[in-house]
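S.K.: The following block contains the structure, expressed as structure tokens.
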Amino acid sequence: MSDERQTIELSARSAFGSREGRRLRKTGNVPGILYGRGRDPQAFSVNEHDLRATLKAGHALFDAQLEGDSVPVIVKDQQHHPVRGDFTHIDLLEVDLKQAIESLVQVELTGVEDAPGVVQGGVLDQVTRELSVEALPTDIPDSIVIDVAHLELNQTFMLSEVTTIPSELTVLDDAEETVIATVTPPSKAEAPETVEEETELVGEGEEAAEGEGEDADSSDE
């Protein structure tokens with residue numbers, strides 16, 4: 001994680017309801033709630049472009065500035081339009097930098113193209129894209145990088161085999177049950193056999209049809 005946290009500007013709001021939410025979204029803003037430590041939840045609005053840019057950067061922890069007060073926060077919940085994908089609501093949670101929290105961290109794979117199974121034509125499927133971790137807010141990384149350059153064809157890579165997770169993180173997912181990635185043979189490998197079988201079936205069908213035709217000619221005589 002970068003030592004310098006990003007800051008996002010929030011604007012306090014006093015109006016509520018679906019109509020107010022639609023009005024905000026039409027002006028390029030997103031309604032939200034900031035949940036604080038020992039304080040009442042605070043309603044705010046935030047510019048969607050700024051919000052999208054902050055979250056796209058992948059930072060789990062960033063600063064939210066509201067009415068001159070800047071606090072470290074993480075995303076508690078986010079809602080999107082089911083079709084357009086636009087933000088419809090965002091919840092932020094103020095955190096204590098000295099107290100461990102639970103958070104989801106993206107999994108980033110490296111060495112995909114170098115994996116022997118991929119070089120042989122196999123398909124690598126990233127099964128797990130996020131891991132649930134517990135750590136101090138300042139120790140939560142933007143992503144967890146896992147090297148898969150050693151994966152062979154038909155190999156399954158489990159979380160229990162990963163040795164590069166930072167020591168300051170406690171991974172909450174079941175190490176023996178969580179699949180990070182798999183490498184499977186290309187499905188096209190079965191195509192020639194299928195075509196050959198279909199050809200044989202067509203040939204048998206044609207021979208049968210010819211035989212029936214000959215029987216019919218004989219009976220006409």
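The values are calculated or read from the model by the stated rules, or taken from the named source; none is laboratory data. Predicted, not measured: the structure shown is a model, and the values here were computed from it. Methodologically, a virtual Cβ is constructed for each residue, glycine included, from the backbone with ideal geometry; neighbour enumeration extends over all protein chains shown.
S.K.: Of all residues in region 136-169 being among the hydroxyl-bearing types (Ser, Thr, Tyr) and without any contact (Cβ under 8 Å) to a residue 40 or more places away in the chain, which is nearest to residue 117 (Cα to Cα)?
M.R.: 156
S.K.: Among the strands (runs of 3 or more DSSP E) confined wholly to region 1-119, which include 2 or more residues that are farther than 30 Å from residue 152 by Cα and of a type in the set (S, T, N, Q)?
M.R.: 7-12, 42-47, 69-80
S.K.: Those residues that are more than 18 Å from residue 51 (Cβ to Cβ), at pLDDT 85 or above and under 21 Å from the mean Cα position of the chain (by Cα), I need them from region 83-99; list them, please.
M.R.: none
S.K.: If I ask for residues that are under 23 Å from residue 16 (Cβ atoms) and buried (at least 16 other Cβ atoms within 10 Å of the Cβ), which ones from region 44-71 would you list?
M.R.: Within region 44-71, 44, 45, 46, 47, 48, 50, 51, 64, 66, 71 qualify.
S.K.: Can you pull out every residue in region 137-169 that is within 18 Å of the chain's Cα centre (by Cα) and among the hydroxyl-bearing types (Ser, Thr, Tyr)?
M.R.: 143 - this is the single residue of region 137-169 that is within 18 Å of the chain's Cα centre (by Cα) and among the hydroxyl-bearing types (Ser, Thr, Tyr).
S.K.: While we're on this one: For region 78-135, which positions are without any contact (Cβ under 8 Å) to a residue 40 or more places away in the chain and β-branched (Val, Ile, Thr)?
M.R.: 83, 101, 110, 112, 119, 133
S.K.: Right, another one. I need the full set of residues from region 6-40 which are surrounded by 11 or more Cβ atoms within 10 Å (Cβ to Cβ) and within 22 Å of residue 96 (Cβ to Cβ), in order please.
M.R.: Within region 6-40, 6, 7, 8, 10, 32, 33, 34, 35, 36 meet the criteria.
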